[in-house]
Amino acid sequence: MMRDYDVVVVGAGPAGSTAARVAAERGLDVLLIDKARFPRNKPCAGGVTTKALNELGFDLPGSVVERDIMGIRLVSSGGRSVSARDSRRLGVTVRRATFDGFLAKKAVEAGACFLDDTPLIDLGTETGGRGERYLVTTSRGRFRAKAIVGADGACGRTARLVGIRRRWCRWELGASVSAEVDLPPDLSPDAVGSEPDLIELHLVPPLRAAFGWAFHRKGGLHIGIGATAFDAPRIGEAFRGHFRRVAQARGLEVPCPRGRGHVLPTGGIRRPVARGGVLLAGDAAGFVDPFSGEGIYNAIRSGRTAAEVIADAASSGDFSRAAPVYMHRCRQELLREFRLSMLLAAMLGRKDGLPFAMVEANPDLVFLLADILYEPGSYRRLFLASLVRSPRIVARFLMARLGLVPTGSVRISR
């Protein structure tokens, strides 16, 4: 017999598990499915920002948290750096297998039913006396639902099956390559970086709008690089060069591992993310920060929003307005920040030249990047602060060019 649910959530990443948990907390009958067998890993740096933690609404246990993030170290291709240590915790690093498993568990505790190793095969509709229902065909049977949350990633099937989106355009996408490096258990944190609670952001020429990163975790490092899809043919070589620089800076003699690739659909583009009672969230909706490449905060935020919209529709008994209401809320809550982020990425371009020289002369600018990790709405404040400080920023840059302001590796704190 076919089981009926109020909502079926496809994909048990941060967006899907949050949507399932919030919908269940609102009293809905929820089925959460994922094509992978849990626990499963994902090609992700594993940085969960403070604003993402606050959006979750509960603390992560010590078994999930790898390290606290207390600042940022910005590193040029020549090895010069600006390190900014904050008095606030900017986030944590996690292993995605552990983090995603914990979020799925929280959804189950709220009342959702979770089926892993259950890929979505087809989505159809059924109209009858109880109104329109979605027919969800999976590898483990068929289910009915009044609404669907598609949180199955950039390459997920939900968007295609209901006709929201057939394919991504190349100019909408970023690309990343990353790998985890396990270190000998007797190696101290100082051997892999004197400040393991700082996340490292590396400037990696000649790629456009690119960042490399090195995040510390228990027993190792997560090293990766992200850029626009136009630079995808060169990203593998750039990753290998970035990996060598990170390893050499730490005196590590380890071979470059085979990196895992990942598609990053960037936010800031006005695109459909819903149709009827089907709402897309997280990467499936293209909600990745164009400048920083962060996706977890936007996944959690959009998953919560989707659940709230569906719960309100269920209360009124009218799902016809779910799609327009959801798209309106996503535009209001996410689109402006995405567009400012996209503008910043375009303005800075290849960050290893003039942009880094500006930061080197004005190291406190790194704290504006820290604010992006700490709270929503920071891009608007970043632009306003930069505008107000622009005379001082330019003056210090010119003084640095004349040798009147010291440059080189700098450490600051607040």
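The values are calculated or read from the model by the stated rules, or taken from the named source; none is laboratory data. Values in this document were obtained by computation on a predicted structure and should not be read as measured data. Virtual Cβ from ideal backbone geometry, glycine too; neighbours counted across all protein chains shown.
Assorted remarks:
- With respect to the conditions (1) touching a residue at least 60 places away in the same chain (Cβ under 8 Å); (2) surrounded by 13 or more Cβ atoms within 10 Å (Cβ to Cβ), E333 lacks only one, and its number is (1).
- Among the residues making up segment 32-55, those that are in contact with a helix residue (DSSP H, G or I) (Cβ under 8 Å, 6 or more places away or on another chain), buried (at least 18 other Cβ atoms within 10 Å of the Cβ) and not in a helix (DSSP H, G or I) are L32, D34, C44, G46, G47, V48, T49.
- When segment 62-92 is filtered for residues that are surrounded by fewer than 17 Cβ atoms within 10 Å (Cβ to Cβ), in contact (Cβ under 8 Å) with a residue 60 or more places away in the chain, farther than 19 Å from H202 by Cα and among the basic types (K, R), only R88 remains.
- Of the residues making up segment 302-321, those that are surrounded by fewer than 24 Cβ atoms within 10 Å (Cβ to Cβ), of a type outside the set (S, T, Y) and either touching a Leu at 6+ places or on another chain (Cβ under 9 Å) or within 18 Å of P14 (Cβ to Cβ) (or both) are R304, E308, A311, A314.
- Just one of (1) modelled with pLDDT under 95; (2) out of contact with any strand residue (DSSP E or B) (no Cβ under 7 Å at 6 or more places or on another chain) fails for Y134. It is (2).
- Among the residues making up segment 149-175, those that are touching a residue at least 60 places away in the same chain (Cβ under 8 Å) and either aliphatic (A, V, I, L, M) or part of a strand (DSSP E or B) (or both) are V149, G150, A151, A154, A159, V162, I164, L173, G174, A175.
- Residue count for segment 386-414 under the criterion of being in a helix (DSSP H, G or I) and touching a helix residue (DSSP H, G or I) at 6+ places or on another chain (Cβ under 6 Å): the result is 3.
- Matching strands (runs of 3 or more DSSP E) fully within segment 56-148 where at least 3 residues are in contact with an Asp or Glu (Cβ under 9 Å, 6 or more places away or on another chain) and either under 30 Å from L221 (Cα atoms) or among the hydrophobic types (A, V, I, L, M, F, W, C) (or both): 65-69, 71-75, 81-85, 91-94, 113-115
Residue-by-condition table, conditions (1) in a loop (DSSP other than H, G, I, E, B); (2) in contact (Cβ under 8 Å) with a residue 24 or more places away in the chain:
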residue	(1), (2)
F291	yes, yes
I300	no, yes
T305	no, yes
E308	no, yes
D312	no, no
S315	no, no
F319	yes, yes
A323	no, yes
F338	no, yes
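- Matching option when the condition is surrounded by 20 or more Cβ atoms within 10 Å (Cβ to Cβ), in a loop (DSSP other than H, G, I, E, B) and out of contact with any Gly (no Cβ under 8 Å at 6 or more places or on another chain), among A23, A12: A12
Conditions tested, residue by residue: (1) in contact with a helix residue (DSSP H, G or I) (Cβ under 9 Å, 6 or more places away or on another chain); (2) at pLDDT 90 or above.
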site: G163; (1), (2): no, yes
site: W168; (1), (2): yes, no
site: E172; (1), (2): yes, no
site: S178; (1), (2): yes, yes
site: L187; (1), (2): no, no
site: L201; (1), (2): yes, yes
site: P206; (1), (2): yes, no
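- Residue within segment 46-59 that is out of contact with any Ser or Thr (no Cβ under 9 Å at 6 or more places or on another chain), at positive phi and not charged (D, E, K, R) present: yes
- Candidates P391, P376 - the one that is farther than 26 Å from N54 by Cα and either surrounded by fewer than 19 Cβ atoms within 10 Å (Cβ to Cβ) or of a type outside the set (D, E) (or both): P391
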